[in-house]
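Have a look at the structure below, then the notes.
The values are calculated or read from the model by the stated rules, or taken from the named source; none is laboratory data. Predicted model, so just to flag it, every value in this text is computed and none were measured. Because the Cβ atoms are built from the backbone with ideal geometry, glycine has one as well, and the counts that use them run over all protein chains shown.
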Amino acid sequence: LKPLGLAKSCGRSGQKMGARFLMSFFDVRATLLGVSLLFGLNTGAHAGEISSSYSSLALEKCTIIEQEPEFGTTTWKCAGQAGYAVYPTEADLRFYLAFGKGDAMATTGGASVPPFNRLGGMLEWRVENVKGVWTPFATIVRYHTSGGTGEAEGQVLVVSKFEDGETCPLAYINALVTPNANAWARSLADKMARDFVCSRDKPHYVGKGANELW
C-alpha cells in the first residue's frame, strides 16, 4: 500500500511540476510578446514592404514656435515620424507644411493649395522597410478648401514626395468626387514618389475638376 501511495504522491507532484512549467512557459511567451509590442517590433516585416503610419495635425497638441499677429502668421511644431517634426504654418488663411529633424526646418519644399484652407486632422506617411528601418518617402494630407460665399467647402488630398525632409506635391486629388480617394492617393505615392523630380516634373490631377479647384 505504501508504494502505491508513493506513486500517487509522485504523480501529483509531477502534475504540479508540469503545471508550473507550463505556466512559466506561457508567462515567458506573454512577456516576450509584451516587449515586442512595447518596442514596436514587427518580425513579419520584409525589406521593400510598404505601409502607412500616421501623425496628428491637431494644432492644440503642437507647440507654437513663431507668431506674427500683425501679419496673421503662425508656425507650429508637431510630432511626426521617423525622427522628423512637422511644421504647419498658417499665413493669409492658408496652411503650408514643412518638415525637419530636431529644430532644423527644411528650407525648401512645402505643400499647400491656393484657396483659403484648413488642414485635416491627420498626416499619413507612406513608409518603406529599408534594411529593417521604416523610411518615409511620401506624405498624404487632406485640405478643406473655402468654396467662397454660398458655395460648399471642397476637399483636396495632396500627395507629396518626401526625401530627407524635403517635399513637393506630386498629385492633387479631388476627394469629393473621386471614389476611394485615399486608396488613389496611396497608389500614386507608391508608384510615383521615388522617381518624381521636384524641379522637373509636374503634379498630376485626379478627379473631375481637380485642376479647376482654384
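At-a-glance table
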{"quantity": "Any chance GLU163 is closer than 18 Å to ARG200 by Cβ and among the acidic types (Asp, Glu)", "calculated": "yes"}
{"quantity": "Filter result for LEU93 (hydrophobic (A, V, I, L, M, F, W, C) and either in contact (Cβ under 8 Å) with a residue 60 or more places away in the chain or under 30 Å from HIS46 (Cβ atoms) (or both))", "calculated": "no"}
{"quantity": "Strands (runs of 3 or more DSSP E) enclosed by segment 66-171 - at least 1 residues per element that are touching a Ser or Thr at 6+ places or on another chain (Cβ under 7 Å) and under 17 Å from LEU188 (Cα atoms)", "calculated": "117-130, 133-145, 154-163"}
{"quantity": "Subset of segment 54-101 (residues that are among the basic types (Lys, Arg) and surrounded by 13 or more Cβ atoms within 10 Å (Cβ to Cβ))", "calculated": "LYS77, ARG94, LYS101"}
{"quantity": "Residues of segment 103-136 satisfying the condition of being modelled with pLDDT of 85 or more, polar (S, T, N, Q) and touching a strand residue (DSSP E or B) at 6+ places or on another chain (Cβ under 7 Å)", "calculated": "ASN117, THR135"}
{"quantity": "Pick from segment 50-65, criterion of a type in the set (Val, Ile, Thr) and touching a Ser or Thr at 6+ places or on another chain (Cβ under 9 Å), ranking: modelled with the lowest pLDDT", "calculated": "ILE65"}
{"quantity": "Some residue of segment 137-145 being aliphatic (A, V, I, L, M) and either over 15 Å from the mean Cα position of the chain (by Cα) or at pLDDT below 90 (or both)", "calculated": "no"}
{"quantity": "Residues being touching a Leu at 6+ places or on another chain (Cβ under 9 Å), surrounded by 14 or more Cβ atoms within 10 Å (Cβ to Cβ) and of a type outside the set (Ser, Thr, Tyr) - total across segment 160-213", "calculated": "20"}
{"quantity": "Which numbered condition ALA183 fails, given (1) part of a strand (DSSP E or B); (2) within 23 Å of LYS208 (Cβ to Cβ)", "calculated": "(1)"}
